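What follows is calculated from the coordinates using simple rules that are stated; it is not laboratory data. On a predicted model such as this, the values are computed, not experimentally measured, just so you know. Note: ideal-geometry Cβ built from the backbone for every residue, glycine included; neighbour counts use all protein chains shown.
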Amino acid sequence: MRSTFEVVADSGQTNVPDDLRSRVFQLPIAPEACYTARRCISEVLTAWRIPDLVNSAHLLATELVTNAVQHAAGWDDSDLPVRLSLIYRSGTLRIEVRDPDPHALPIWRVPEELAEFGRGVPLMHGIADRCGVRILKTGKAVWCEVDRRVDLSLHPPHLICGVRCEP
């Protein structure tokens, strides 16, 4: 199944409840944001008893958070932090990262062999079942979903940057 990347305008800010199946974390606009995100993911997914999604969630969140921190660093308004949301509903884990820059949208690129940038969106499409971006009044929210209900035996492993990754 081919993932689609969609842009959706959001008329208001969506509040995610901090209950047993969703968590929202404010991340520092600093290099340690990815470490913090991975630590939060490990703790939450273990508590939710879905540790099989930790590796995929780490890869996806690292890509989303890295981009969000780069985009947020150029904004002076400290009231618009980077936020990581984890939502698990009906066998699907949604990872969403918000940043204050509504203009720098994810772009599918075909990177040069030794390029340092341009692999993020293809990586997300290789791991996630769905992904997209919502334009907010205060920036954007880039999200991806991993569906646990998908029969992994029907999907061959993906090769990303020469590394074998199970979807």
request  = Give me the number: length gained by fully extending Ala47 to Tyr35, i.e. 0.36 nm times residue separation minus the C-alpha to C-alpha distance, one decimal in nm.
outcome  = 2.5 nm
Placed amide H near Arg148: partners under 5 Å, 5+ positions off or other chain = Thr92, Leu93
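Taking neighbour counts of Cβ atoms within 10 Å as a proxy for exposure, in what order, fewest first, do Glu145, Glu63 appear? If you can, show how the numbers build up before the last one.
Working: Glu145 18, Glu63 22.
Ranking Glu145, Glu63 by Cβ neighbours within 10 Å, fewest first, gives Glu145, Glu63.
Report the local net charge at Arg38: Lys and Arg +1, Asp and Glu -1, summed over other residues whose C-beta lies under 12 Å from its C-beta.
Values: positive: Arg39; negative: Glu32, Glu43, Glu63.
Spelling it out: positives minus negatives among the neighbours equals -2.
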ask   = Among Ile87, Ile95, Ile127, which comes first, second and so on when ranked by fewest other beta-carbon atoms within 10 Å?
value = Ile87, Ile127, Ile95
inquiry  = Please list, in order along the range 46-61, the HN-Hα scalar couplings obtained from phi with the Karplus expression 6.51 cos²θ - 1.76 cosθ + 1.60 (θ = phi - 60°), rounded to whole Hz, x for Gly and Pro.
reply    = 5, 5, 7, 6, 10, x, 5, 9, 4, 4, 4, 5, 4, 4, 5, 5
note = The ³J(HN,Hα) series, computed from each phi in the range 21-28 with the Karplus coefficients 6.51, -1.76 and 1.60 at θ = phi - 60°, rounded to the nearest Hz and given as x for glycine or proline, is 10, 8, 9, 10, 10, 8, 10, x
query = For Cys144, Cys40, what's the fewest-to-most ordering of other Cβ within 10 Å of each Cβ?
reply = Cys40, Cys144
